[in-house]
Amino acid sequence: MYEIAPDVAIVPMLIANAYLAGNANSWALVDAGVPGSQRRIRRAAAKRFGRGARPKAIILTHGHFDHAGSAGVLADEWGVPVYVHPLEFPFLTGRSHYPPLDSTPPGFFSALSRFFPNSTVNLGHRLAALDLARPPAGLEAWECHHTPGHTMGHVAFFRREDGVLLAGDAVTTMNLDSFVGTLMKRREICRPPVPATMDWDRARQSVELLAALGPRLVAAGHGAPIQNAAGELRRLADRFPIPVRGRYVRDPVRADETGVTYVPPKENRLTYRA
Ligand SMILES: [Zn+2]
Ligand SMILES: [Zn+2]
């Protein structure tokens, strides 16, 4: 755990980062790692805010298992709700599953994704609807932006006063498509993780939205935070690399508040895009 900006600390973890936002009087946990991350997160919170520190809320950028995994255990322990965009509810209540991970695109993460589940954890009664206009207690200083594409209810958090962006999986700060990039954890602002992204047109629009905010610091779910990132994020938005091939590239997954309503057939993996 280390501070990346005033009142913001990262809890780096093997798969996906979590963040502690706020001060000892009022703070929130943003994302909660894979299942089994609770000890690490608890220790980080105790180190930063004191023993027995409890947040006002747990807030998820989206419901994928590597971001929501330990949210239930921690919510019960701390007695706090888990805020998430309503479009993520069906996946976190067992009503629907995320579409199967598409392992057809090349890359290390894609190969690894064969071993990832497309179901996530069930948070049931712990869930609370995130109000985009009014971020929950613990995140008062932040704006909440709907950034669909990776998943339909994906959100990112932006602190305008100093340009800090908690981007979730709307972008990554390491190249998950490259074996070397993943291994070396080379810092680079890249598109969302390919195998799990549901709608590439929306993903591109969301990166455009984030680039327009002009963030100084980009802190994402995967990779180490990047300082002075506005220019690099702008370039990603201007030349957004929609994957050349992949099951969901030409024909996006469709979803609404009931969950997934359409998954493109598997044959689409052979579709090429110029
Ligand atoms: Zn994700
Ligand atoms: Zn992720």
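The values are calculated or read from the model by the stated rules, or taken from the named source; none is laboratory data. Since this is a predicted model, take the numbers as computed values, not measurements. Using ideal geometry, Cβ is built from the backbone for each residue, glycine included, and neighbour counts are taken over all protein chains shown. Please note that ligands, DNA and RNA were not included when accessible areas were found on the heavy atoms of the full protein model with its side chains. Shrake-Rupley method; radii C 1.70, N 1.55, O 1.52, S 1.80 Å.
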Answer residue from the range 1-16, given it is open to solvent by 10 Å² or more (accessible area, probe 1.4 Å) and either at pLDDT 95 or above or touching a strand residue (DSSP E or B) at 6+ places or on another chain (Cβ under 7 Å) (or both) and is nearest to ligand 2 (Cβ to nearest atom) among those:
Pro12
Counting only residues in the range 98-121 that are more than 15 Å from the chain's Cα centre (by Cα) and of a type in the set (Ser, Thr, Tyr), the one modelled with the highest pLDDT is identified as Ser119
Looking at the structure I just gave you, is Gly138 assigned to a loop (DSSP other than H, G, I, E, B), under 17 Å from Ser37 (Cβ atoms) and touching a Ser or Thr at 6+ places or on another chain (Cβ under 6 Å)?
no
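With Gly36, Gly22, Gly52, Gly69 as the choices, which residue is within 14 Å of ligand 2 (Cβ to nearest atom) and either in contact with a helix residue (DSSP H, G or I) (Cβ under 8 Å, 6 or more places away or on another chain) or small (Gly, Ala, Ser) (or both)? Give the derivation first.
Numbers: Gly36 fails: within 14 Å of ligand 2 (Cβ to nearest atom); Gly22 fails: within 14 Å of ligand 2 (Cβ to nearest atom); Gly52 fails: within 14 Å of ligand 2 (Cβ to nearest atom).
Sole residue among the options that is within 14 Å of ligand 2 (Cβ to nearest atom) and either in contact with a helix residue (DSSP H, G or I) (Cβ under 8 Å, 6 or more places away or on another chain) or small (Gly, Ala, Ser) (or both): Gly69.
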Against the condition hydroxyl-bearing (Ser, Thr, Tyr) and either at pLDDT 95 or above or surrounded by 24 or more Cβ atoms within 10 Å (Cβ to Cβ) (or both), how does Thr147 come out, does it pass?
yes
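Assess whether Val11 counts as being under 23 Å from Gln227 (Cβ atoms), among the β-branched types (Val, Ile, Thr) and free of Cβ contacts under 8 Å to residues at least 60 places away in the same chain.
Working: under 23 Å from Gln227 (Cβ atoms): yes; among the β-branched types (Val, Ile, Thr): yes; free of Cβ contacts under 8 Å to residues at least 60 places away in the same chain: yes.
For Val11, the condition - under 23 Å from Gln227 (Cβ atoms), among the β-branched types (Val, Ile, Thr) and free of Cβ contacts under 8 Å to residues at least 60 places away in the same chain - is met.
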